[in-house]
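Presented below is the structure to which this report refers.
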Amino acid sequence: MNEKKESVIKQLFVYAGKHKYLTIASWILAAISAVLALVPFYYIWAIIKEIVEVRPDFSQAVHIKSYGWSAVGMALLAMVVYIAALMCSHLAAFRVQVNMRVAMMEHIMKLPMGYIESEGSGKIRKIVAESSAATETFLAHSLPDKSVSYVTPVALIVMLVYFDWKIGLISMVPALLAFLAMGFMMGDKMKKAMEEYQDALDEMSAEAVEYVRGIPVVKTFGQTVFSFKRFKDAIDKYEAWSVGYTKSVRIPMVAFVTLANGVFAAIVACGFFFASDLVTNTVLLNILFYIIITPILTVTLLKVAYSGESEMIVNDALKRMYSILEVQPLPESSNPQMPADSSVSLQDVSFSYNKEKGNAVEGINLLINPGEHVAFVGPSGGGKTTVASLIARFWDVDSGAIKIGGVDVKNIATSELMQQVSYVFQDSKLLKMSILENVRMGNPKASDQEVMQALKDAQCMDIIEKFPEGVHTKIGTEGVYVSGGEAQRLSIARAFLKNAPILVLDEATAFADPDNEAKVQQAFANLSKDKTVIMIAHRLSTVVDADKICVLSDGKIVESGTHENLIKADGIYNHMWSEYNKSINWKVGKGA
């Protein structure tokens, strides 16, 4: 990824459009409010000055009322101006947030499915949501506060020096030392720490999503959270980073907070020093003024510190956003072609997810005729899912070619390719909407009657009948949850409605219980009629009737043929079949 050299503001203004002028207006208004907010302190000092000068005849203090109302008026005016600044900043921030999310989602929709699957939906969702949220917080709150934090010290210095330059300079010493302490926490070290922090959060979020998705397996086999070692490792890594970073900044942070709040102590010291010989009205009034005004300096220092941190956070958020935006979609052909039939041909196909780790599949040659049912089996990591993903063009091959109906998939328009191939994943994904709308995603133009027929063909009527609202029952937090097997059948109904000529089944019965598995298998039998089927399976009983079984190991097809032919050979499939039968007999024996 090419690191962006522009400032954070320039990068955000790309998404602001004409609303960037509202951001500029918010800076100006916030700066004005910062100056106005200091004026009431002058009137408070003026009230004290008049009381001190006229004592003990307080009847001569005739300006107290006007000073008081002036202080209230200026405070209210500063508040109104600052509210106006926040209104401008929020309008701009909301527009930037919306435009960023739209830009990211439009780009993500064009990215290959392989990238989405490899990165993990949890990580991508976190980047989309939190990157835009970080920019909203920065523009809406941090930038106006930053403007205030820049203008306030300048105005304070003018006021401090105007009343008594000696006391003013002394009161600035703790502030300067606080800035030095802040410098030890900022800079490149802080930027790197923010990146590490976000990386740890992203990893933990992605692993949490995978853990939640795997809960059915955990409960089925009575395992614990330690079965998901990557999730536990992610938590441990985040804990180690948090503790380590906190310890590394504790000394400069303590120094900064102490010095920022130590301005008042400097004023007290000034009082003892300058009033050691004689307490005059002038000295007393000046010290009183500094006692009143210096807390503002402390608050300003804290705002400066947090504004610097928020800018680093948003800078890191933008880098993560660009990590998605800079991923290129698969190229589209300028002259798209239509496949002649539902045949699939792989010609010397090789592909690697990571060049340094070698090829995931290598030299694959395979011809699948229209209407033929082919199964991919073999050890884990052998390349089964990779080959199926390449057929659906989740990725582009590194070398060789994949053709559907005699046309290279690279020369088929993406929309047309999606009409040619239905992919039923191992982990079915249902959205938070009604069952009817979930299934209708397979064909948005389908009528309610066509959706109901697809549900019947997918053996889903028992699911529909158990809910009072039937097909209009919502899935998710606002409705009901369904089991893994039931979710799989609803996904199959979606595939029925799509009615693509090529069907890819990726271990689609993995999480189904025995009752659901029988219904899923029946649904597959109905769905597979007159279609070219590519099935990835670990349960070998589901592939015995396939027209061709391909055994993949180390990214290569090492055996192929019918079930009968393969069990006669002394090869990998024969060994797998033998072990599979032993596992079945063992289960039966244990249950007897």
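The values are calculated or read from the model by the stated rules, or taken from the named source; none is laboratory data. Every value quoted in this text rests on a predicted model; they were computed, and no experiment measured them. Please note: Cβ atoms are built from the backbone with ideal geometry, for glycine as well, and neighbour counts cover all protein chains shown.
Among the residues of the range 40-59, the ones that are farther than 15 Å from LEU285 by Cβ and loosely packed, with under 12 Cβ neighbours inside 10 Å come to 4 in all. Looking only at the range 405-463, residues that are assigned to a loop (DSSP other than H, G, I, E, B), surrounded by fewer than 17 Cβ atoms within 10 Å (Cβ to Cβ) and more than 29 Å from the chain's Cα centre (by Cα) come to 4 in all.
Here's the yes/no breakdown for (1) outside any helix (DSSP H, G or I); (2) modelled with pLDDT under 90; (3) closer than 30 Å to VAL327 by Cα:
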| residue | (1), (2), (3) |
| --- | --- |
| SER59 | no, yes, no |
| SER66 | no, no, no |
| SER70 | no, no, no |
| LEU76 | no, no, no |
| VAL81 | no, no, no |
| ARG95 | no, no, yes |
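Scan the range 369-390 residue by residue and report those that are over 19 Å from VAL544 (Cβ atoms), buried (at least 22 other Cβ atoms within 10 Å of the Cβ) and not polar (S, T, N, Q). The answer is GLY382, GLY383, VAL387, LEU390. Do we have any residue at all in the range 375-389 that's within 24 Å of THR414 (Cβ to Cβ), in a helix (DSSP H, G or I) and among the aliphatic types (A, V, I, L, M)? Taking every residue of the range 375-389 in turn, at least one turns out to be within 24 Å of THR414 (Cβ to Cβ), in a helix (DSSP H, G or I) and among the aliphatic types (A, V, I, L, M).
Among residues of the range 339-359 that are basic (Lys, Arg), those with a beta-carbon under 9 Å from a residue that is assigned to a loop (DSSP other than H, G, I, E, B) at least six positions away or on a different chain give the pairs LYS355/ASP398. Note on the range 144-166: residues that are at pLDDT below 85, of a type in the set (A, V, I, L, M, F, W, C) and under 14 Å from ILE28 (Cα atoms) amount to 1.
Scanning the range 10-57 for residues that are touching a helix residue (DSSP H, G or I) at 6+ places or on another chain (Cβ under 7 Å), in contact (Cβ under 8 Å) with a residue 24 or more places away in the chain, in a helix (DSSP H, G or I) and among the aromatic types (Phe, Trp, Tyr) yields a count of 4.
Which of the residues belonging to the range 391-404 are surrounded by fewer than 19 Cβ atoms within 10 Å (Cβ to Cβ) and either part of a loop (DSSP other than H, G, I, E, B) or within 30 Å of the chain's Cα centre (by Cα) (or both)? Result: ASP396, ASP398.
Every residue, every condition in (1) closer than 27 Å to PHE179 by Cβ; (2) among the aromatic types (Phe, Trp, Tyr); (3) at pLDDT below 70, yes or no:
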position	(1), (2), (3)
LYS247	yes, no, no
VAL257	yes, no, no
GLY262	yes, no, no
PHE272	yes, yes, yes
THR280	no, no, yes
ILE296	yes, no, no
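Looking across VAL173, VAL243, one residue alone is assigned to a helix (DSSP H, G or I), closer than 30 Å to ASN315 by Cα and either in contact with a Ser or Thr (Cβ under 8 Å, 6 or more places away or on another chain) or modelled with pLDDT of 75 or more (or both). It is VAL243. Within the range 322-360, restricting attention to residues that are modelled with pLDDT under 90 and β-branched (Val, Ile, Thr), the residue that is farthest from SER415 (Cα to Cα) is ILE324.
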